[in-house]
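S.K.: Submitted below is the structure of interest, expressed as structure tokens.
The values are calculated or read from the model by the stated rules, or taken from the named source; none is laboratory data. The structure presented is a predicted model; accordingly, all values stated were derived computationally and were not measured. A quick note on method: Cβ atoms are made from the backbone with ideal geometry, for glycine too, and the neighbour counts reach across all protein chains shown.
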């Protein structure tokens, strides 16, 4: 029997997931387009049709990369609508946080000391998700405060400036670093587990990698992976874990495509299957897994199963690659044997198959037409 406490927790979880769904829904068209382009770029590069350093590769990679790099701006604008605060000012806050001067200053480890006595800790915001959502959430209260205390005769002149400056300062001093702290904390836990129980990390990343990607914390792992590749010649946790996570999302998305009765959502699901299978999880994550809690649970279970197998058999990636089917050449052992490659295929098969079957034989009901129209980028008919 569900208690009052359970009902409250369920309500809070539902509100959080609904808010995330509404924040990401308007941006899924861009994420899907970027994901497909990134997947094609990966394939073209894998088969030697384009080369790094050439204009073709640079332009295609940058078109898709720009969407993910400047994702905080898109999220700020849509989050402001959800939180009922000024959308343009929210976007301006994100633009400041991604400004070359801001990113260079923080990334190079300058000691900014303080802003009129307010400490300014380190923060990494390009491609991040959680920091900007937290910041915009607080912006609504800052906006209400200044609109309440500033006389209406001068509100239009002074309120926007004060809201923008206050949100930015509070964002880079307190709110943004909270998101960075969460990402760094997650990194520390993963690295600790990788030392204590090496098999466990791929399983956890397989199951909960979607949350790691949502928080942007996987970027924090990139330096560790590159260092591990340089020292040991293989990556034993990030690529194996996220490969399982991505293929689990792909399997769940395929089952949704089969079960959905909405033709537009079927098309979106096909796109999500392709992008997730190629290692770009955002369209499937934000457009399918988050709106459907059962689909999210199926993805977690499928990813856990595939990641567990990857950890037990010590499946490795021998190069820094995007975790998807296009990365198969990176799974071939340097000694020329194919055992590791076969294990990689088994990891993908387990992850994809488990999540696919859970969704296919589980309960499913399409979202309202209006919500689907927003996700697929169409006007409600």
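S.K.: Go through the range 40-58 and give me each residue that's free of Cβ contacts under 8 Å to residues at least 60 places away in the same chain and part of a helix (DSSP H, G or I). So that I can check it myself, show each step before the final result.
M.R.: So the first thing to find is which residues in the range 40-58 are free of Cβ contacts under 8 Å to residues at least 60 places away in the same chain, and the list is 40-41, 44-45, 47-58.
Scanning the range 40-58 gives 40, 41, 44, 45, 55, 56, 57, 58.
Yes/no per residue for (1) at negative phi; (2) at pLDDT 80 or above; (3) in the same structural domain as residue 143 (by TED's automatic domain parsing); (4) touching a strand residue (DSSP E or B) at 6+ places or on another chain (Cβ under 9 Å):
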| site | (1), (2), (3), (4) |
| --- | --- |
| 21 | yes, no, no, no |
| 25 | yes, no, no, no |
| 58 | yes, yes, no, no |
| 63 | yes, yes, no, no |
| 84 | no, yes, yes, no |
| 102 | yes, yes, yes, no |
| 107 | yes, no, yes, no |
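S.K.: Taking helices (runs of 4 or more DSSP H) that do not extend beyond the range 59-157, which have at least 2 residues that are farther than 19 Å from residue 180 by Cα and in contact with a helix residue (DSSP H, G or I) (Cβ under 6 Å, 6 or more places away or on another chain)?
M.R.: On the way: elements: 71-82, 87-98, 100-107, 130-149.
Ranges flagged: 71-82, 87-98, 130-149.
S.K.: Still on this structure: Regarding residue 106, is this residue surrounded by 17 or more Cβ atoms within 10 Å (Cβ to Cβ) and more than 24 Å from residue 22 (Cα to Cα)?
M.R.: Spelling it out, residue 106 is indeed surrounded by 17 or more Cβ atoms within 10 Å (Cβ to Cβ) and more than 24 Å from residue 22 (Cα to Cα).
S.K.: Something else now. Which of the following residues is surrounded by 24 or more Cβ atoms within 10 Å (Cβ to Cβ), more than 15 Å from the chain's Cα centre (by Cα) and modelled with pLDDT of 90 or more: 245, 260, 269?
M.R.: On the way: 245 fails: more than 15 Å from the chain's Cα centre (by Cα); 260 fails: surrounded by 24 or more Cβ atoms within 10 Å (Cβ to Cβ).
After ruling out the rest, the residue left standing is 269.
S.K.: Return only the number of the condition from (1) closer than 16 Å to residue 349 by Cα; (2) touching a strand residue (DSSP E or B) at 6+ places or on another chain (Cβ under 9 Å); (3) not in a loop (DSSP other than H, G, I, E, B) that residue 323 does not satisfy.
M.R.: (3)
S.K.: Name every residue in the range 308-321 that is at pLDDT below 90 and either crowded, with 21+ Cβ neighbours inside 10 Å or closer than 12 Å to residue 237 by Cα (or both), in order of residue number.
M.R.: Of the residues in the range 308-321, the ones at pLDDT below 90 are 317-321.
Matches in the range 308-321: 317, 318, 320.
S.K.: On the given criteria, is residue 329 at pLDDT below 95, in a loop (DSSP other than H, G, I, E, B) and more than 17 Å from residue 356 (Cα to Cα)?
M.R.: Judged against the criteria, residue 329 is not a match.
S.K.: Could we say that residue 328 is assigned by TED's automatic domain parsing to the domain that holds residue 201 and crowded, with 24+ Cβ neighbours inside 10 Å here? Walk me through how you get there before you give the answer.
M.R.: Numbers: assigned by TED's automatic domain parsing to the domain that holds residue 201: yes; crowded, with 24+ Cβ neighbours inside 10 Å: no.
No: the conditions fail for residue 328.
S.K.: Residue check, residue 336 against (1) more than 20 Å from the chain's Cα centre (by Cα); (2) surrounded by 15 or more Cβ atoms within 10 Å (Cβ to Cβ), all met but one. Which one?
M.R.: Here residue 336 clears every test but (2).
S.K.: A further question follows. With (1) within 20 Å of the chain's Cα centre (by Cα); (2) farther than 20 Å from residue 225 by Cα as the list, and residue 307 as the residue in question, which single condition is left unmet?
M.R.: Of the numbered conditions (1) within 20 Å of the chain's Cα centre (by Cα); (2) farther than 20 Å from residue 225 by Cα, the odd one out for residue 307 is (2).
S.K.: On the given criteria, is residue 344 buried (at least 18 other Cβ atoms within 10 Å of the Cβ), part of a helix (DSSP H, G or I) and either in contact with a strand residue (DSSP E or B) (Cβ under 9 Å, 6 or more places away or on another chain) or outside the structural domain of residue 238 (by TED's automatic domain parsing) (or both)?
M.R.: On the way: buried (at least 18 other Cβ atoms within 10 Å of the Cβ): yes; part of a helix (DSSP H, G or I): yes; either in contact with a strand residue (DSSP E or B) (Cβ under 9 Å, 6 or more places away or on another chain) or outside the structural domain of residue 238 (by TED's automatic domain parsing) (or both): yes.
So residue 344 passes the test.
S.K.: Kindly check whether there is at least one residue in the range 47-56 that is modelled with pLDDT of 85 or more, over 19 Å from residue 326 (Cβ atoms) and in contact with a helix residue (DSSP H, G or I) (Cβ under 7 Å, 6 or more places away or on another chain). Spell out how you get there, then give the answer.
M.R.: Let us first name the residues in the range 47-56 that are modelled with pLDDT of 85 or more, namely 49-56.
With the extra rule that they be over 19 Å from residue 326 (Cβ atoms), the set shrinks to 53, 55.
Add one more test, that the residue is in contact with a helix residue (DSSP H, G or I) (Cβ under 7 Å, 6 or more places away or on another chain), and what stays is none.
The answer is no, given that none of the residues of the range 47-56 is modelled with pLDDT of 85 or more, over 19 Å from residue 326 (Cβ atoms) and in contact with a helix residue (DSSP H, G or I) (Cβ under 7 Å, 6 or more places away or on another chain).
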